[in-house]
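Q: Submitted below is the structure of interest, expressed as structure tokens.
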Amino acid sequence: MALVYVEQLEHLDVEQMQETHEKEVKILNEIDKLAIQYSMDKSKVGLLEEKLDAYLAHVKEHFANEERLMIQYDFPSYTMHKTAHDMFLSELDHAVSQWKNFGDIKKIINFVYKSPEWIVVHINTVDAPTSEYLTQKMALEKQDK
Ligand SMILES: [Fe+2]
Ligand SMILES: [Fe+2]
């Protein structure tokens, strides 16, 4: 069983958003597998840490890209959407600092295990309407050219 499935996410018409979400699901499920292996064999810590670092980089890039698109196309609810990202990032940063500064890898693993719930709700209720707006704006832009 995977931690999260692509089918739980609303399919978005903005391709780069959809691809990013699918990649994030993939990374989360890879972390899940590595965390299980690590729980049985502590020497696997390096592989798990590498994947966690990839997840951090991916989340930051994921949010930054959506924010860039929202600014580019004047999305009216930009502040609300960005605030949601910032709140998630501040919790993530807290878990990362527990891990990096105090060697508490459990904090970040727990965060990762809780994150699908947030991600599914965020994508289906915040990213989906954003993608609808962006899709319309992008179509208009094409017409004007
Ligand atoms: Fe997203
Ligand atoms: Fe988002």
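The values are calculated or read from the model by the stated rules, or taken from the named source; none is laboratory data. The structure displayed is predicted, hence computed values, not measured ones. Note: ideal-geometry Cβ built from the backbone for every residue, glycine included; neighbour counts use all protein chains shown. The accessibility values were calculated without ligands, DNA or RNA, using every heavy atom of the protein model including side chains. Shrake-Rupley method; radii C 1.70, N 1.55, O 1.52, S 1.80 Å.
Q: Can you give the FRET efficiency to the nearest 0.05 for S90 and M40, using r as the Cβ-Cβ distance and R₀ = 22 Å?
A: 0.10
Q: Next question, about the same structure. Using only Cα atoms, tell me the angle between helix 15-40 and the longest principal axis of the chain; keep it within 0 to 90° and round to the nearest 10.
A: Once rounded, the angle reads 10 degrees.
Q: For the pair D74/Y113, report the inter-label distance in nm, with labels modelled 7 Å from Cα in the Cβ direction.
A: 4.7 nm
Q: On a 0 to 90 degree scale, rounded to 10, what angle separates helix 45-72 from the longest Cα axis of the chain?
A: Around 10 degrees separate the two axes.
Q: Right, something else. Pairing the Cα long axis of helix 105-122 with the longest principal axis of the chain, what angle in degrees results, from 0 to 90 and rounded to the nearest 10?
A: 20 degrees
Q: Which one, T20, F75, H58, is farthest towards the positive end of the dipole of the range 1-96 when Lys and Arg carry +1 and Asp and Glu -1 on their Cβ?
A: Working it through, the farthest residue towards the positive pole turns out to be H58.
Q: First check a/c for the range 1-59, with a ≥ b ≥ c the square roots of the eigenvalues of its C-alpha gyration tensor; if it is under 1.5, answer rounded, and if not, answer prolate when a/b is larger than b/c or oblate otherwise.
A: Judged from the Cα gyration tensor, the range 1-59 comes out oblate (a/c at least 1.5, b/c at or above a/b).
Q: Here's a follow-up. Please report the equivalent ellipsoid semi-axes of the chain, computed as sqrt(5 x eigenvalue) of the Cα gyration tensor, largest first, in whole Å.
A: Rounded to whole Å, the semi-axes are 32, 16, 12.
Q: Per residue, how much accessible area does the range 14-144 have with a 1.4 Å probe, in Å²?
A: Per residue, the range 14-144 has an accessible area of 56 Å².
Q: For the peptides 40-52, 118-130, what is the packing order when you average, over each peptide's residues, the other Cβ atoms within 10 Å and list the highest mean first?
A: Result, highest mean first: 118-130, 40-52.
Q: Follow-up question, since we're still on this one. Each label point is 7 Å from the Cα along the Cα-to-Cβ direction; what then is the distance between the points at K33 and A64, in nm?
A: Reported label-point gap for K33 and A64 is 2.8 nm.
Q: Given charges of +1 on the Cβ of Lys and Arg and -1 on the Cβ of Asp and Glu, with all other atoms neutral, how large is the dipole of the chain about its Cα centre, in debye to the nearest 20?
A: Using only the charged Cβ atoms, the result is roughly 480 debye.
Q: Of the heavy-atom accessible surface of the chain (probe 1.4 angstrom), what whole percent is carbon and sulfur?
A: 55 percent
Q: While we're looking at this one, here's another question. In whole percent, what relative contact order does the chain give with Cα contacts below 8 Å and a gap of six or more residues?
A: RCO, the chain: 33 percent.
Q: With the dipole of the chain worked out from charges on the C-beta (+1 for Lys and Arg, -1 for Asp and Glu) around the Cα centre, which of Q8, L140, L34 lies farthest toward the positive end?
A: L34
Q: Could you order M70, M1, M80, M138 so the one with the most accessible surface comes first? Probe is 1.4 Å.
A: Putting M70, M1, M80, M138 in descending order of accessible area: M1, M80, M138, M70.
Q: Here's a follow-up. Between D144 and T83, what length in nm is gained on full extension when 0.36 nm per residue of separation is reduced by their alpha carbon distance?
A: Computed gain between D144 and T83 is 18.8 nm.
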